[in-house]
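In what follows, a single structure is set out as structure tokens and then discussed.
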Amino acid sequence: MKLKIAVQMDPIASINPRGDSTFAMMLEAQGRGHVLGYYTPDSLALRDNVVTASVAPIELFDKEKGQHFALGEATRQDLSTYDVLLMRQDPPFDMNYITLSHMLERIHPKTFVVNPPSAVRNAPEKILVTDFPELMPPTLVTRDRALIHAFRKEHGNIIVKPLYGNGGAGVFFIQEGDHNLASLLELFEQNYREPFMIQRYLPDVRKGDKRIILVDGEPTAGLNRIPSDGEARSNMHVGGRPELSELTARELEICAAIGPALKERDMIFVGIDVIGGYLTEINVTSPTGIREIKRFGGPDIAVLILDAIEKRKS
């Protein structure tokens, strides 16, 4: 089977190929003989109900940054002529992201979009997770200062984060007795129009924040991310140390609980975050971690993702 696959992603020159999940998926697709086209989200256009982009043929090389790709000449193409489209640009999940999902929805499922645009739009990671309150730590989503202060009084140490951020950006650990909460809320109010997410701080984060990759609703592997000294966040973007980690009985229980909801939405590639047995996020926009999992001796998840895509198109 030879598929035409378009990849919508951030500028490929800027990625770190050693740790980029999109790059791993593209390498696997290339190795299977599929035809790859690359474009950035800003070239997407809708005219007369036809969705186009400035797409360039691309060849990947598993080498260091700067030597990892070669592009051909870009031409404006009708994206409905492709078999598959990987929607892989990074958040923030803002109105631009939502608008792009509306545009791509016009070609899905004839052109199979991974993950489906309407499902991504209707399930941002910090909102979808609230469908499973029994799996989560105590969580509040609001802009109401009185409710936030009451939550902090009830739970002591808390985490405050923007609802649509990514990579650990804007995540704050506020300890009981810290006098900066009011100032932080002022800052959030100035920078974000959406409600904020407040969660009880989980001390087990010092043992790691585990990213678990699910393919077609089934768990594949876990990557534990250990915060660096003096850091409350464990994201690899901010210095978290990754290590391969077997899934516990509790983590398998979490995967079994959310797997059917992911399958129902036809989400092929999802990454969930678990701290101390609590589900904190369900990442559906542009999950990461598959290159690190393979590098540390885990499965090649890019293979599983491409298997699932080919199954849809067979």
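Taking (1) at positive phi; (2) touching a Phe, Trp or Tyr at 6+ places or on another chain (Cβ under 8 Å) in turn, residue 48 satisfies each apart from (2).
Residues in segment 283-312 that are modelled with pLDDT of 95 or more and of a type in the set (Val, Ile, Thr): 290, 293, 301, 303, 305, 309.
Taking segment 73-98, which residues are within 24 Å of residue 168 (Cα to Cα), open to solvent by 50 Å² or more (accessible area, probe 1.4 Å) and outside any loop (DSSP other than H, G, I, E, B)?
95, 96
In segment 285-302, the residues that are farther than 28 Å from residue 165 by Cα and without any contact (Cβ under 8 Å) to a residue 40 or more places away in the chain never reach a residue that is outside any helix (DSSP H, G or I) and open to solvent by 20 Å² or more (accessible area, probe 1.4 Å) with C-beta atoms less than 8 angstrom apart, at least six apart or across chains.
For segment 268-278, what are the residues that are out of contact with any strand residue (DSSP E or B) (no Cβ under 6 Å at 6 or more places or on another chain) and either at pLDDT below 95 or surrounded by fewer than 23 Cβ atoms within 10 Å (Cβ to Cβ) (or both)?
Residues of segment 268-278 that are out of contact with any strand residue (DSSP E or B) (no Cβ under 6 Å at 6 or more places or on another chain), as a first pass: 269, 276-278.
Across segment 268-278, the qualifying residues are 276, 277, 278.
Being free of Cβ contacts under 8 Å to residues at least 24 places away in the same chain, open to solvent by less than 10 Å² (accessible area, probe 1.4 Å) and either within 17 Å of residue 267 (Cα to Cα) or touching a helix residue (DSSP H, G or I) at 6+ places or on another chain (Cβ under 6 Å) (or both) is a property that holds for residue 101. Can you tell me which residue in segment 146-195 is modelled with the lowest pLDDT, limited to those that are farther than 19 Å from residue 130 by Cα and of a type in the set (Phe, Trp, Tyr)? Top of the filtered list is 192.
Selection of first residues in segment 57-78 that are free of Cβ contacts under 8 Å to residues at least 12 places away in the same chain and of second residues that are surrounded by 12 or more Cβ atoms within 10 Å (Cβ to Cβ), restricted to Cβ pairs under 6 Å at least 6 apart or on distinct chains, gives the following pairs, ordered by first then second residue: 61/68. Residue 59 passes every criterion in (1) open to solvent by less than 80 Å² (accessible area, probe 1.4 Å); (2) outside any loop (DSSP other than H, G, I, E, B) apart from (1).
Does residue 65 satisfy the condition of being in a loop (DSSP other than H, G, I, E, B), of a type in the set (Lys, Arg) and more than 25 Å from residue 271 (Cβ to Cβ)? Judged against the criteria, residue 65 is not a match. Residues that are surrounded by fewer than 22 Cβ atoms within 10 Å (Cβ to Cβ) and of a type outside the set (D, E, K, R) were ranked within segment 288-305; the one that is nearest to residue 26 (Cα to Cα) is 303.
Scanning segment 238-251 for residues that are farther than 12 Å from residue 273 by Cβ and surrounded by 15 or more Cβ atoms within 10 Å (Cβ to Cβ), which turns out modelled with the lowest pLDDT?
Top of the filtered list is 238.
Restricting attention to segment 6-56, the residues that are within 18 Å of residue 82 (Cα to Cα), in a loop (DSSP other than H, G, I, E, B) and not β-branched (Val, Ile, Thr) add up to 6.
Of all residue pairs spaced 6 or more apart or on separate chains, those with beta-carbon atoms under 6 Å, a first member in segment 109-125 that is under 11 Å from residue 93 (Cα atoms) and a second member that is part of a helix (DSSP H, G or I) are 120/101; 121/98; 121/101.
If you take the residues of segment 121-165 that are among the small types (Gly, Ala, Ser) and part of a loop (DSSP other than H, G, I, E, B), which of them is surrounded by the fewest Cβ atoms within 10 Å (Cβ to Cβ)? Applying the filter and picking the extreme gives 156.
Within segment 102-132, the residues that satisfy the criterion of being acidic (Asp, Glu) and at pLDDT 90 or above are 105, 131.
The values are calculated or read from the model by the stated rules, or taken from the named source; none is laboratory data. Since the structure is predicted, the reported quantities are computational estimates derived from the model, not experimental observations. Every residue, glycine among them, receives a Cβ derived from its backbone with ideal geometry; neighbour counts consider all protein chains shown. With ligands, DNA and RNA removed, areas are computed over all heavy atoms of the protein, side chains included. Shrake-Rupley method; radii C 1.70, N 1.55, O 1.52, S 1.80 Å.
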